[in-house]
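Bear in mind that the values in this text are calculations on the coordinates, not laboratory data. This one's a predicted model, so the numbers in the text were calculated from it and none came from an experiment. A quick note on method: Cβ atoms are made from the backbone with ideal geometry, for glycine too, and the neighbour counts reach across all protein chains shown.
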């Protein structure tokens, strides 16, 4: 085996090891953990959008009520 072949085989072993860390060896790997974090972040973002939409709707209704009652008594 030449030095070049030994270097290529060594590099392939390192690559295989890194891929196993990322994908996991029968266990959830780093990629799975990253997917879970992204999913959790997206859920938080959707909840915040819902809260902001409800707050904006409530604020709009309050503004309409104030405009309606203040215009009626003038």
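Key figures
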| read-out | value |
| --- | --- |
| R0 of 30 Å, Cβ-Cβ distance residue 33-residue 7: FRET efficiency to nearest 0.05 | 0.40 |
| Residue 49/residue 22 FRET efficiency (R0 30 Å; Cβ-Cβ; nearest 0.05) | 0.45 |
| Expected 222 nm ellipticity per residue - DSSP helices of 4 or more, -39500 (n - 2.57), all of the chain, to 500 | -31500 deg cm²/dmol |
| Convex hull volume of the chain per residue (C-alpha atoms, cubic angstrom) | 77 Å³ |
